[in-house]
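Report on the structure given below.
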Amino acid sequence: MRSKMRSHQRKIQEQLAAFAWLQAWGTNVAAIGQTKGLSSRKKQQQEGERLQLIGNAMQAIANAAQAELTARLRSSASSKEVNDMMVAGNLLQSLGNSLEVIAGDGS
């Protein structure tokens, strides 16, 4: 039984790592978009806006998934309070990126 729990926790940790990479990719895509937005050429600016939307959406999805996965680890967490704060932090990040997508889509 204990081995099965460890295996389950390991799978969640692997998923958390995968979503951390998605979040990082989203950050890079949004940064490229923001840089392109500085261009004086309208086409580059429009491409930058699209990239920012995509990057922020990637980050929002990754943070929401990380919040869910972290919540699943609560029962085995050494500190439930720290685990809960990590869930809240991921949710706040997801909300922030979601708001950026909504705001960017309206422009």
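Computed quantities for the displayed model
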| item | result |
| --- | --- |
| Carbon + sulfur, % of accessible area of the chain - ligands and nucleic acids excluded, 1.4 Å | 59 percent |
| Estimated 222 nm signal from helices in the chain, with DSSP H stretches of n ≥ 4 weighted -39500 (n - 2.57), rounded to 500 | -31000 deg cm²/dmol |
| Rounded to 10°, Cα long-axis angle of helix 80-105 versus longest principal axis of the chain | 20 degrees |
| Sorted peptide list for 57-69, 13-25, criterion being average Cβ within 10 angstrom, highest first | 57-69, 13-25 |
| Size of electric dipole in the chain: Cβ of Lys, Arg +1 and of Asp, Glu -1, about Cα centre, debye, nearest 20 | 440 debye |
| Accessible area per residue, Å², the chain with all protein chains present, probe 1.4 Å | 69 Å² |
| From the coordinates shown, Rg and Dmax of the Cα atoms in Å corresponds to which of (1) 17.7, 51; (2) 17.2, 62; (3) 15.7, 52 | (2) |
| Cβ crowding within 10 Å averaged over residues, with 85-95, 32-42 ranked highest first | 85-95, 32-42 |
| C-alpha long axis of helix 42-72 to longest principal axis of the chain, angle in ° | 10 degrees |
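The values are calculated or read from the model by the stated rules, or taken from the named source; none is laboratory data. Predicted model, so just to flag it, every value in this text is computed and none were measured. Glycine also receives a Cβ, built like all others from the backbone with ideal geometry; neighbour counts cover every protein chain displayed. What goes into the accessible areas is simple: the full protein's heavy atoms, side chains included, and nothing from ligands, DNA or RNA. Shrake-Rupley method; radii C 1.70, N 1.55, O 1.52, S 1.80 Å.
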